[in-house]
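Working notes, beginning with the structure itself.
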Amino acid sequence: LQGFERITTEDNSYRIREGMSDSTKEQWNLNAMDVSGAWRFNKGSEDVKLVSLDTGLNDVAGSDTDAHNEISHVQNQNAKSSNSHGHRAMSVMAAKHDSENLAGIAPGSQLIAYNVFTSGGLGVLGSIEDAKDKRNCGERLVFQNGAGSGTYTFTTAEMTASLDETESYAFFAASAGNDGDKTSVAGAGGLAPFQTSHANVASVGALQFTGTEEIDAIIGGSLTNVTGTQLADYSNAGDNLTLVAPTDSKSIDANGTVSTFGGTSCANPNVAGVAALVWSENLSLSGGDVRDILTTSAMDLGDTGRDDTYGAGTINAESAVRRSHALSADHELASLYSNTEFLA
């Protein structure tokens, strides 16, 4: 039934696409990545923590929690910030969806907030170390890094030592940077360049839509589909770009305002959310396995195969989760499929 939205019989009609509603039909990121198809398998897991290395929660006057109800499950780790950048990124990954606002990709996973810019805080490196220290045995960590290194910089040697320990239980989705450099990812001093040395790090470029069309597929309204895509002019790319993901996605702030969230700051939480679904389906995977599944199941864009503009292509959530499920159900049989070294 893949590709069908609804089946109508003589007596009734049945929605096939899981989790879609009138309020989410316009979320082009969900439709382009086929997230609703992945939701047939899971919507995240308590065993997988989504860790935001960003601006954390926004200190909003008059608010008790500074977190909109859509991300009320967030566990805040330090001081709050003066903007909603981190809140919006977390809503893309994990908004619970009350059928009125928007749907995050993996609302069933734990959600952890770090403000890497707070004075006297931990920065990116310290936040990673803190999350590692607080990780329970068996938990998997999916990091979203859309804000560079934060208040405190780190040396390559320091971050290498930190990442070396995480291959079996962590995955990092990092902004490729918004400098417009098409020869190399920047990461603004963040994690993106480590995709070359560490198999569990992905540098993520920003994919824009160039046009949309409405498909009459869901009662109560049509589904927004895109007619074309392109790499955003500002997005970094190059031979160390891992893949691309949708930018300009709907997001929500602590006041409940739904608006478009842009930049590679939006693309990397889209990847992190899908990575959480992949890992939730099969906890036996390593962080490098998760990246391999995401890249080998990606929808190819641009030149055939991997290229320096789109990397491996853009995320296909359903294909990635199906692959994860197959490996969990019968690894030997699933591995008969020969496409890359990992899958061979």
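Sorting the Cα pairs of segment 42-169 by distance into bins of 5 Å, from 0 upward, gives 2, 11, 22, 22, 20, 13, 6, 2, 1, 0 percent per bin.
Calculate what fraction, in whole %, of the accessible area of the chain sits on carbon and sulfur atoms when a 1.4 Å probe is rolled over the protein chains. Looking at the chain in its full context, I get 45 percent from C and S.
Pairwise alpha-carbon distances in segment 49-120 exceed 13 Å for 59% of all pairs. Estimated from helical segments only, the mean residue ellipticity of the chain at 222 nm is -7000 deg cm²/dmol, where each DSSP H run of four or more residues counts as -39500 (n - 2.57).
Here the dipole of the chain is about 300 debye; that uses its Cα centre as origin and unit charges on the Cβ of Lys and Arg (positive) and Asp and Glu (negative). Taking 1.306 mPa s as the viscosity and 10 °C as the temperature, the Stokes-Einstein diffusion coefficient of the chain based on its alpha-carbon Kirkwood radius rounds to 80 µm²/s.
Express in % the proportion of alpha carbon pairs of segment 224-344 at distances exceeding 22 Å. For segment 224-344, the share of Cα pairs beyond 22 Å comes to 40 percent.
With the Kirkwood sum run over all distinct C-alpha pairs, segment 137-186 has a hydrodynamic radius of 12.8 Å. Taking every DSSP bridge with both residues inside the chain, close to 40 percent are antiparallel.
For the peptides 38-45, 198-205, the ranking by packing is 198-205, 38-45, with the highest mean count of neighbouring Cβ atoms within 10 Å listed first.
Per residue, the solvent-accessible area of the chain (1.4 Å probe, heavy atoms of protein chains only, all protein chains present) comes to 39 Å². Lysine pair count for the chain with Cα-Cα distance under 12 Å and sequence separation of 8 or more or different chains is 4.
The values are calculated or read from the model by the stated rules, or taken from the named source; none is laboratory data. What you are looking at is a predicted structure, and each value in this text was computed from that prediction instead of being measured. For neighbour counting, all protein chains shown are included, and Cβ atoms are generated from backbone atoms with ideal geometry for every residue, glycine included. For accessibility, only protein heavy atoms count, side chains too; no ligands or nucleic acids. Shrake-Rupley method; radii C 1.70, N 1.55, O 1.52, S 1.80 Å.
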